[in-house]
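Enquirer: First the structure, then my questions, so here it is.
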Amino acid sequence: MEKFSDAARSFLQIDIGKEVKDGVESNNIASPNDVAVYGGLLALATMDRKDLQKKVLDNQNFRTCLELEPHIRKAISLFVNGRYSACLAILNSYLADFLLDIFLQKHVKAIFALIRSKCIVQYVAPFSCVALGSLNEAFAAPGTDIQVELATMIKSGLLQARINTIDQLLVAVNPNQRAAMQTQALETTKAYESEALERIRRMGLLSANLEVRNVKKLQATGSQATAPDGVSDVWFDNSGEPMAIGAP
């Protein structure tokens, strides 16, 4: 997965226009079509919808390549727009072509599995529960059931949910809910403790008559600044000469 992510970023950084301008031999580099297919599939397998929009569809350099493979661009656009079953349908229609690529062939199965898992996870994410029938309709091949695949995803941690076989529902669960509540309670306690200590400190300063007073304001109101017991009210200026409080 990490290697796929690194490869996706590398493909998306390629500027084919610059390579051609610099006179790089085309037989020594991947063609723009290859860059579009490899980069597009790897991006679909490793990036979320926000990154796909920003780093792929809105990428001016990569768009030059992507326009040469419109089915890849279409699949990415469908995923970004939440049309996951249509995205998978397009990719599956070109599966035979991908398997004929000598460089892509051995990675096709893993890449497609990642994309399919992402589509299922994104499909169920907005809901607290989803009918298994709708999942079968969206993702399962005719005459097959998606329950086994869902169970595998749940066991591997890809999908945070449980299967209700009685009501035929996929119910979302949040295993970290208790931990999140405890963390929030601890943060609230620390914030309250910090605020309480600050108030106690301020009260101590006030009771010891150690607060900083505005001398000019006191002079304007006719009040006098008083020093705490045991503290001289003689101050020293920058020259080291003594001066009284309130002296100009």
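Enquirer: How many angstrom lie between the C-alpha centres of region 28-65 and region 116-167?
Expert: When both Cα centres are located, 28 Å separates them.
Enquirer: Taking 7 Å along the Cα-to-C-beta vector as the label spot, tell me the ILE166-ALA131 distance in nanometres, rounded to one decimal.
Expert: 2.0 nm
Enquirer: If you don't mind, there's one more thing I want to ask. Starting from the 7 Å offset along Cα-to-Cβ, what nm value, one decimal, do you get for the label separation of VAL121 and GLN184?
Expert: Taking the two extended label points, one gets 2.3 nm.
Enquirer: Order 84-92, 189-197 from most to least packed using the mean count of other Cβ atoms within 10 Å. All intermediate terms of the calculation are to be shown ahead of the outcome.
Expert: Details: 84-92: 18.0, 189-197: 10.0.
Ranked by mean Cβ neighbours within 10 Å, highest first: 84-92, 189-197.
Enquirer: So, one more: I need the peptides 61-70, 34-43, 202-211, 114-123 ranked by packing, meaning the mean over residues of other C-beta atoms within 10 angstrom, with the highest value on top. Please report the intermediate quantities before stating the final value.
Expert: Details: 61-70: 17.7, 34-43: 24.5, 202-211: 10.4, 114-123: 19.2.
Descending packing order for the listed peptides: 34-43, 114-123, 61-70, 202-211.
Enquirer: Please work out how much length the chain gains when fully extended from ASP101 to GLU193, using 0.36 nm per residue of separation minus the C-alpha to C-alpha distance, in nm with one decimal. Intermediate results must be reported in sequence, preceding the final value.
Expert: Details: separation 92, 0.36 × 92 = 33.12 nm, distance 6.29 nm.
Length gained, ASP101 through GLU193: 26.8 nm.
Each value in this text was obtained by applying a stated rule to the coordinates, not by laboratory testing. All figures in this text were calculated on a predicted structure; none of them were measured in a lab. Using ideal geometry, Cβ is built from the backbone for each residue, glycine included, and neighbour counts are taken over all protein chains shown.
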